[in-house]
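Input: a single structure, listed below in structure tokens.
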Amino acid sequence: MGFADFFLELYENTGWNFVFLYEQYEYDRILEGMWVSIKLIVASLIFSLVVGFIGAWAQGAKSKIVRYGIAGYIQLFRNTPPFVQILFFYFVLGNWIDGFIGTYDAGGYQESYIDSFGWAVISLGFFAGAFNTEIFRSGIEAVPESTREAAEALGYTRLMSYTHVIFPLAFRVCLPALNNNLVNLLKTTTLAYGIAVPEMMYTANQIWSDNVNVSEMMIFLFIFYVGLVAILVYGMHKWENNMKIPGYG
Amino acid sequence: MDTGSGMLNNSITDIDGAKQTDLPVLLPLAAQTRHAALIERREGTYRLNMQPRHALWVFAIFVAAAASAQAATPEGLIGPFEAIFKWAPFILWGPEGALTGFALNLIISFFAMLFGTVAGAALGLMQISLLLPVRRGSWFVTQFFRNSPWLVLLFTIMLLFPFELDLGFVVIPIPDWMKAVIGFSLPVMANISEVVRGAVISLPSGQWESAESLAFSRRQTLWMIILPQCVKRMIPPWINWYCILAMATPISSIMGVEESVTFTAQALNAEGDRPELIPVFYAFLLIIHFIYTYPIARWSIKLEKKFAVKT
């Protein structure tokens, strides 16, 4: 008896309807949802790391305006609900951008320049990026002044010493804090549901609307997300151990 | 004789059990950062933190944005300022006598915090039980609810909970917001459970040992010595969790709970979804949430500084 047959039989005998395990159509749908979710998580994770990297560098800038700008950005994104942030990005900034460079499709409807997936990545990236900036900054502070001066004495410019000397050290210091924040980001990606990004949550909703199997889909969702968190935490710990330089704290 | 070995074996073990060197390679800040992350993972995620002058800036930007939108309002249409004044009562407490809108956000957050704290305290005490199955089971429940997205938990409760409870002699209706309360109290429960466990294990073991030498039973030690000291440590992370919860309540609008985000969308709809009103309304929404959460967050930071005394 095959895998699919088992779940079909389970449904017929007990009413537990794991429809995506025996029906090709729903199986494809759920794979698609998982794929979009994973893409969303990876993209916003990378984006938030880039934002954090640049933000932490700009925090040490000479220009006061840049420093104040970064401080304002961090404060704003740390102190408002991420869900409202996503709505704000999608509805407000999305509208503005479409107002400037929007295009129209053959039917005369306005097409969005950036789709909901793009806005989800941007808003989640900025949300987590605000925390990453703070985390990287705390790591940078842990790098001794003498290391910085040594880099300067070797003729490194500010940017070069940041990318080659300070950041690699700081990154190792702040990996545990980063771990916390990335787990948080992973869980926050579900909020993209609010702007109809076809990720796991959204797909599950479609499936349970068609098949009336809410409990089964919920069980699947829990397994999916707790599993992803477990993989992320495991990977980060591995990474932390691999990156350890003997003697560096 | 062993002149060189002292240099090689100069590693000591720190509180987290990890090897540390006393070579001045990275500042002690590095160890502190790592330790802080461990505590953060245990006792609550990020801390809200904003300087008052930044708050003023946010407010100024909001007013400036609204004013520019007001200036751009076409003749004969209601401007953003008037629109906000017109709809603010609706967004804040809903139609008369209903106590919905932002007020419902607060009600949900109060009750979710109440239930979450009671259940979380019990779960946290189970996590330090001497019985292995209780400890393991409560650990699993805690980790499960801590690591699931809030939205998934909310969906589960909203969709799987009955809309009324039939007790045979009386039927108790369960409105949507009640279900949202339960949905939010689950992650709060798990996180409070970790706060309790974290506070207990952060006490120096000398407290337990001296209690034992004075012939206190385990229950007496816990209730008369350990927990009273823990309360102080738990208050700042507890308040921080309340802030996080209060900021999370808008997601219940996805399920159609009549809270502030739902009503903002409705108010915008009633004004014909005019693009110049949308930013002002969502900014207004951000601001009212901010005005509520911010003082509480500051208070928690203040308390933490006050309670940060030597153990």
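The values are calculated or read from the model by the stated rules, or taken from the named source; none is laboratory data. Since this is a predicted model, take the numbers as computed values, not measurements. All Cβ positions, glycine included, derive from the backbone under ideal geometry; neighbour counts span all protein chains shown.
The figures follow:
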{"read-out": "Hits in segment A:47-61 (condition: more than 12 Å from A:SER138 (Cα to Cα) and either among the aliphatic types (A, V, I, L, M) or without any contact (Cβ under 8 Å) to a residue 40 or more places away in the chain (or both))", "value": "A:LEU49, A:VAL50, A:VAL51, A:ILE54, A:ALA58, A:ALA61"}
{"read-out": "Residue match in segment B:160-172 (condition: surrounded by fewer than 23 Cβ atoms within 10 Å (Cβ to Cβ), touching a residue at least 40 places away in the same chain (Cβ under 8 Å) and assigned to a helix (DSSP H, G or I))", "value": "no"}
{"read-out": "Filter result for B:TRP223 (under 30 Å from A:ARG78 (Cβ atoms), out of contact with any Leu (no Cβ under 6 Å at 6 or more places or on another chain) and either among the hydrophobic types (A, V, I, L, M, F, W, C) or in a helix (DSSP H, G or I) (or both))", "value": "no"}
{"read-out": "Count - residues of segment A:188-223 that are crowded, with 22+ Cβ neighbours inside 10 Å and within 7 Å of chain B (Cβ to nearest Cβ)", "value": "6"}
{"read-out": "Among the residues listed as A:TYR162, A:TYR202, the single one being within 30 Å of B:PHE161 (Cα to Cα), touching a residue at least 40 places away in the same chain (Cβ under 8 Å) and touching a Phe, Trp or Tyr at 6+ places or on another chain (Cβ under 9 Å)", "value": "A:TYR202"}
{"read-out": "Failed criterion for B:LEU245 (all others in (1) assigned to a helix (DSSP H, G or I); (2) modelled with pLDDT of 90 or more; (3) over 30 Å from B:PHE290 (Cβ atoms) hold)", "value": "(3)"}
{"read-out": "Number of positions in segment B:85-118 that are farther than 13 Å from B:VAL181 by Cα, aliphatic (A, V, I, L, M) and touching a Leu at 6+ places or on another chain (Cβ under 9 Å)", "value": "3"}
{"read-out": "Number of the exception - A:GLY129 against (1) farther than 18 Å from A:ILE30 by Cα; (2) within 8 Å of chain B (Cβ to nearest Cβ); (3) surrounded by 24 or more Cβ atoms within 10 Å (Cβ to Cβ)", "value": "(2)"}
{"read-out": "Given (1) crowded, with 21+ Cβ neighbours inside 10 Å; (2) farther than 26 Å from B:VAL257 by Cβ; (3) within 14 Å of chain A (Cβ to nearest Cβ), index of the condition B:GLN143 fails", "value": "(1)"}
{"read-out": "Qualifying residue in segment B:131-141 (condition: of a type in the set (A, V, I, L, M, F, W, C) and touching a residue at least 60 places away in the same chain (Cβ under 8 Å))", "value": "no"}
{"read-out": "Long-range neighbours under 9 Å by Cβ, at least six apart or interchain, first residue touching a residue at least 60 places away in the same chain (Cβ under 8 Å) within segment A:218-243, second hydroxyl-bearing (Ser, Thr, Tyr) and in a helix (DSSP H, G or I)", "value": "A:PHE224/A:SER37; A:LEU228/A:SER37"}
{"read-out": "Residues located in segment B:248-270, provided they are part of a helix (DSSP H, G or I) and surrounded by fewer than 17 Cβ atoms within 10 Å (Cβ to Cβ)", "value": "B:GLN266, B:ASN269, B:ALA270"}
{"read-out": "Subset of segment B:247-282 that is more than 9 Å from chain A (Cβ to nearest Cβ) and among the aromatic types (Phe, Trp, Tyr) - its residue that is nearest to B:SER68 (Cα to Cα)", "value": "B:PHE281"}
{"read-out": "Filtered residue count, segment B:260-310, keeping only those that are over 21 Å from B:ASN105 (Cα atoms) and in contact with a Ser or Thr (Cβ under 8 Å, 6 or more places away or on another chain)", "value": "1"}
{"read-out": "Condition met for A:VAL229 (facing chain B (nearest Cβ under 8 Å) and within 28 Å of A:GLY118 (Cα to Cα))", "value": "yes"}
{"read-out": "Any hit, segment B:174-182, residues being over 18 Å from B:THR262 (Cα atoms) and either at pLDDT below 90 or not in a helix (DSSP H, G or I) (or both)", "value": "yes"}
{"read-out": "Failed criterion for B:ILE291 (all others in (1) surrounded by fewer than 16 Cβ atoms within 10 Å (Cβ to Cβ); (2) at the interface with chain A (Cβ under 10 Å from one of its Cβ atoms) hold)", "value": "(2)"}
{"read-out": "Close pairs from segment B:196-225: first basic (Lys, Arg), partner not in a helix (DSSP H, G or I), Cβ under 9 Å, at least 6 apart", "value": "B:ARG197/B:ILE128; B:ARG218/B:LEU130"}
